[in-house]
1. Give me the number: length gained by fully extending Gln24 to Ala2, i.e. 0.36 nm times residue separation minus the C-alpha to C-alpha distance, one decimal in nm.
2. Lysine pairs in the chain with alpha-carbon atoms under 25 Å apart, 8 or more places apart or on different chains: how many are there?
3. What FRET efficiency do you get for Ala44 and Arg15 if R0 is 22 Å and r is their Cβ-Cβ distance, rounded to the nearest 0.05?
4. Place a point 7 Å from the Cα of Glu55 along the Cα-to-Cβ direction; which residues of the range 10-27 have their backbone N under 11 Å from it?
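Bear in mind that the values in this text are calculations on the coordinates, not laboratory data. These numbers come from a predicted model, not from an experiment. Positions of Cβ are generated from backbone atoms using ideal geometry, with glycine treated the same way; all protein chains shown enter the neighbour counts.
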Amino acid sequence: DAVTEEKIRELLLRRPMTFGELIQKFIPKKQNMTAEQKDEIIKALAAILQKINYESKLVNGKTRLSLKRS
């Protein structure tokens with residue numbers, strides 16, 4: 001799936017996730033990807049996260065990202 005703001009919002013509204021868990025949602029499991037392709041996904045994800053208003057909470061030593069329900 002493409003990294004879109006709508007998809008990220010949907011995932012973070014469902015439940016809090018770490019940045020690593022978000023990355024895993026967008027990197028296909030069975031498809032071999034180059035490091036450059038993975039970097040593009042990570043950069044797109046980071047850029048979208050900067051635009052949206054997310055909350056970060058420390059839970060069991062891990063920073064979890066979530067969105068407020070409005």
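1. Details: separation 22, 0.36 × 22 = 7.92 nm, distance 1.25 nm.
Taking 0.36 nm per residue and subtracting the Cα distance, the gain is 6.7 nm.
2. Lysine pairs meeting both conditions in the chain amount to 29.
3. The value I calculate is 0.55.
4. Flagged as within label range: 16.
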